Amino acid sequence: MASSLLNSSVTRVSQWLASPLRPRQYLELLNPLWAEQSCGRIEKIQRETDNAVTLVIRPNHRWQGAVSGQYVRLGVDVDGVRHWRCYSVNSAQRPGDETFSVTVGRVNGGRVSTYIQDTLRVGDVIALDKAMGDFVLPTDATAKLLFISAGTGITPMMGMLRSLRDSGIAADVTHLHFAPTEKDCIYFNELNDFARRPGFNLHQSLTREGGQHFDAALLDNVCPDWAERKAYVCGPEGLMNAVRTHWQNNELSSQLCEEVFQPVRAEVPAGAGGTVLFWNAGSSTEGAGDKPLLEVAENAGLLPKHGCRMGICQECVVTLREGQVRDLATGEVFGESGETIRICVCAAAGNVTIDL
Amino acid sequence: MKQENASADFVSALPNIPAAKHLSEEQLQTFGARLTEIGQRYMDSRGPADERYIRRVIAAQRTLAFVARIVIYSGILYAPMFFVGAFLLGLAKIIENMEIGHNVLHGQWDWLKDPKIHSSKWEWDGVCPSKQWQRSHNYIHHKWCNVVGMDRDFGYHVLRVSEKQEWKPVYLFQPISNMLMAILFEWGVAVHDDKMGGLRTGETTIEEARPSFKRLFRKIGWQVGKDYIFFPLLAGPFFFSVLLANVGANLIRNLWAYAVIFCGHFPDGVEEFEPSDVENEDKARWYVRQILGSANISGGPVLHFMSGNLSHQIEHHVFPRMPSNRYAAVAKEVRVLCQEYGIRYNSNNLPYQLFTVWRKVFRFALPPRTPQNPATQTP
């Protein structure tokens, strides 16, 4: 009692002494992991294929843990600018070990994936968000499972498989995996090790070496009891659509668990606007591609906070939830969700959602 | 260029602004477009070197502030260290307020997308809450720079520094109020808010000003608690020595910030404007007003750094969101462009600029000589 009182008053006084900063903003000068924000150090970088690496990350004290198969947002500084990308946790949970791993595939022209492949080094510190998503093993350990994955879509499945292996559960799993060639197959050896385990039935289809793409016939052939299984799918849009449709047609959607890749952004025609959704006001309206979002909001009867109306004062900065905007001064189209924008000089570029 | 425009059919784009009335509309617009191009070129080239710069400055400043506090306590063993520590802490506060705080709060580093160095999150080491200052400075001062009656920073409602301001008897005391502003600079900034100021003129009600006051008192609590209560208490019987050292550090910061900031818009040669000058103002006209209404301080890299690069006041007003470490380079181009178009580019050393500011403070304390009677005017 007395010690906790002492503890909390020491904390209070140290906050006062450090103000307007927080005490941890001094501590992080010694070790970036002592920062107030959630972040992690790259412990190991392991090459899986020519175009995929696995990062083993040691998170700091803010980390709340991750369940294998969930996704976590990594904040990587590329040329000084922070970018956030989601990756699936593919390591098994181990008591007493906080490290986790993700596998990053190279995306053609992808700034972040290229940086991670070519420039990121062991010891670098990256920002982390908390792990999220329900693409995880069912609580019922005896459930029969079906994994359908393509390319790097295998990473969340790998997390679940490793968890099953480490916990010694001999689950009944059928795994249907698609990859262009054997060379592109991440975890090729480890998967084949799994294939030797009882209850694990692996079917790999190398689509550029004569293997089939996903269809109903292939599924019936490889996994005749597919309708009885809890199914998981992760891969490119084409595979996701085919699988989703098949499960819908059989009225089994509730048994299908989907994990989408980074959403594919529709190309916005030059100068086009879109529908503007004001998140906390709960209303939406059309926003022209050349009209500042501030004016769009005002015309919709909202009164956003603002100042100069010329982009210099930061009074009208709001958070972009979804979509992209056009900087009316430079014409640049930009925006990642969570980024801040100045609504007096930015217009909608396609549909956008903003937090006024 | 001035000579070329002497022809009879010349139409001035800015007939009411003596320092720029030699420009035709076409010249004015080309000038504006070229300035925009220069700014965009620098903004496009922002990259990892700039990021390293600001992160290093922040780390160095925090280290300096920490060391300064330790040095102050070492005064317990060897008294002169109180003075050394106060001086170091003053430096740390100057760097935090000017090169880091002021510039972060302008959004100069928002492009890093790091919430730790972002205009919407930063709180600086001074009694004025960041949010309040952002509004009065980034918006009202920067947008309406040197427009008498609109730019609340023009004379800070305390000083008369132009004949365009109407004389009142209270201005007779302005040499004294000027001195008090220098000593109490951070407090002056803190009470200089349009909501709070509106109380005096009756433009705002107590209810409207209440949130501003609440925010201000909370911030004052943190700042006073830190520098004048908790750090001195840690020294036990040396409470008053540490208190005095902290007062000294804040005083050093106040005097320096006052000097740099007063040299930004009040030295001889800067123009003042009327509200009618900014009606229908376009970007090119806005640029010209910002340039004519600002003054630079010439000097070496140390002066520029310690002034938060506000010594490049002209460039800061033209490109308020450009990272401050780029002002020195962009200044060379802006200066050449201004010369080419015959637009005055006011730059001089600190003692000279400060001398002309003080001269104005004394000169404009007195009522204007009646223009109706030319006989009383000195030649």
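Quick one: Karplus J couplings for the stretch B:144-157, per residue in order, coefficients 6.51, -1.76, 1.60, θ = phi - 60°, nearest Hz, x for Gly and Pro?
Karplus-based 3J(HN,Hα) across the stretch B:144-157 equals 9, 3, 6, 8, 4, x, 10, 7, 5, 7, 7, x, 6, 6 Hz.
In peptide A:302-314, how many Cβ atoms from other protein chains are near each Cβ within 10 Å, on average? Each step should come with its number before you reach the end.
Values: counts 0, 0, 0, 1, 1, 8, 7, 2, 5, 3, 11, 14, 14.
That works out to 5 on average.
Any idea what angle helix A:155-167 forms with the longest principal axis of chain A, computed on alpha-carbon atoms, 0 to 90 degrees, nearest 10?
Approximately 60 degrees, to the nearest ten.
Non-local amide H neighbours of A:ASN201 (under 5 Å, H modeled in plane, Pro and chain starts lacking H): which ones?
Residues meeting the amide H criterion: A:VAL173, A:THR174, A:HIS175.
To the nearest 10 degrees, how steeply does helix A:2-18 sit against the main Cα axis of chain A, on a 0 to 90 scale?
Tilt relative to chain A: about 60 degrees.
With 10 angstrom as the radius, rank B:PHE10, A:PHE147 by how many other C-beta atoms surround their C-beta, starting from the fewest. Working shown, then result.
Values: B:PHE10 12, A:PHE147 24.
If I rank by nearby Cβ atoms, fewest first, I get B:PHE10, A:PHE147.
Total Lys pairs in the stretch B:1-139 closer than 29 Å by alpha-carbon, pairs eight or more apart in sequence or interchain only?
Here the count comes out as 9.
Would you please name the trypsin sites (Lys or Arg not before Pro) within the stretch B:100-152 that are DSSP coil residues with at most 14 other C-beta atoms within 10 Å of their C-beta? Spell out each step's value before the answer.
Working: sites: B:LYS113, B:LYS116, B:LYS121, B:LYS131, B:ARG135, B:LYS143, B:ARG152; in loops: B:LYS113, B:LYS121, B:ARG152.
Those satisfying the criteria are B:LYS121.
On alpha carbon coordinates alone, what is the Rg over Rh value for chain B, Rh being the Kirkwood radius? Mind showing how you got there, number by number?
Working: Rg = 22.3 Å, Rh = 22.4 Å.
We get a ratio of 0.99 for chain B.
In percent, how large is the relative contact order of chain A, given Cα pairs closer than 8 Å and 6 or more residues apart? Don't jump to the answer; show the numbers that get you there.
Working: 704 pairs, mean separation 40.7, N = 356.
Here the relative contact order equals 11 percent.
Can you give me the C-alpha center-to-center distance between the stretch B:56-131 and the stretch A:241-260, rounded to a whole angstrom?
Spelled out, the Cα-based centre of one part sits 56 Å from the other.
Give me the angle, in degrees from 0 to 90, between the Cα long axis of helix A:237-249 and the longest principal axis of the Cα atoms of chain A, rounded to the nearest 10.
Relative to chain A, helix A:237-249 is tipped by roughly 70 degrees.
Quickly estimate the mean residue ellipticity at 222 nm for the protein assembly as shown, helices only: each DSSP H run with n ≥ 4 gives -39500 (n - 2.57), and the total goes over all residues, rounded to 500. Show your work: numbers first, answer last.
Numbers: 23 runs with 270 residues, N = 735.
That comes out to -11500 deg cm²/dmol.
Regarding the stretch B:118-234, what whole-number volume in Å³ per residue does the convex hull of its Cα atoms give? Each step should come with its number before you reach the end.
Values: hull volume 15.0 nm³, N = 117.
Residue-normalised Cα hull volume stands at 128 Å³.
Using packing as a proxy for protection, rank A:242-248, B:201-207 so that the peptide with the highest average count of other Cβ atoms within 10 Å comes first.
Working: A:242-248: 16.3, B:201-207: 10.1.
Put in order of decreasing packing, that is A:242-248, B:201-207.
Based on DSSP, what percent of beta bridges with both residues in the protein assembly as shown are antiparallel, to the nearest 5? Before the final figure, lay out each step's value.
Working: 47 of 77 bridges.
Given both bridge residues lie in the protein assembly as shown, the antiparallel proportion sits at roughly 60 percent.
Among the DSSP beta bridges whose two residues both lie in the stretch A:159-311, what percent are antiparallel, rounded to the nearest 5? The partial results should precede the final answer.
Details: 5 of 17 bridges.
Here the antiparallel bridges make up roughly 30 percent for the stretch A:159-311.
In Å and from the alpha-carbon atoms only, list the Rg and Dmax of the stretch A:30-128.
Computed over the Cα atoms of the stretch A:30-128, radius of gyration and Dmax are 12.8, 38 Å.
Could you work out how far the C-alpha centroid of the stretch B:192-210 sits from that of the stretch B:145-183, in angstrom?
19
Would you mind estimating how fast the protein assembly as shown diffuses translationally, via Stokes-Einstein at 10 °C and 1.306 mPa s with the Kirkwood radius over Cα pairs, in µm²/s? Before the final figure, lay out each step's value.
On the way: Rh = 29.9 Å.
The estimated diffusion coefficient comes to 53 µm²/s.
What is the spread of the Cα atoms of the stretch A:145-260 along each of their three principal axes, largest first, in whole Å?
Per principal axis, max minus min of the Cα coordinates gives 35, 31, 26 Å.
Among all helices in chain B defined by DSSP H, which have a length of 18 Å or more along the axis from Cα atoms plus a Kyte-Doolittle mean of at least 1.6?
For chain B, where a helix must reach 18 Å along its axis and average at least 1.6, the hits are B:80-95.
I need B:VAL260, B:VAL11, A:VAL125 ordered by Cβ neighbour count within 10 Å, fewest first. Intermediate values should be presented prior to the final figure.
Working: B:VAL260 22, B:VAL11 8, A:VAL125 18.
Lowest to highest Cβ neighbour count: B:VAL11, A:VAL125, B:VAL260.
Which semi-axis lengths, in whole Å and largest first, follow from the square roots of five times the eigenvalues of the Cα gyration tensor of the stretch A:274-355? Don't skip to the end; give the middle numbers.
Working: eigenvalues 48, 42, 29 Å².
Working through the eigenvalues yields semi-axes of 15, 15, 12 Å.
So which lysines can B:LYS360 reach, going by Cα to Cα under 18 Å and dropping same-chain residues fewer than 8 places off?
Straight-line reach from B:LYS360, under 18 Å: B:LYS164, B:LYS168.
Values in this text are rule-based calculations from the coordinates and carry no lab data. These figures come from a predicted structure and were not determined experimentally. FYI the Cβ positions are ideal-geometry reconstructions off the backbone, even for glycines, and counts take in every protein chain you see.
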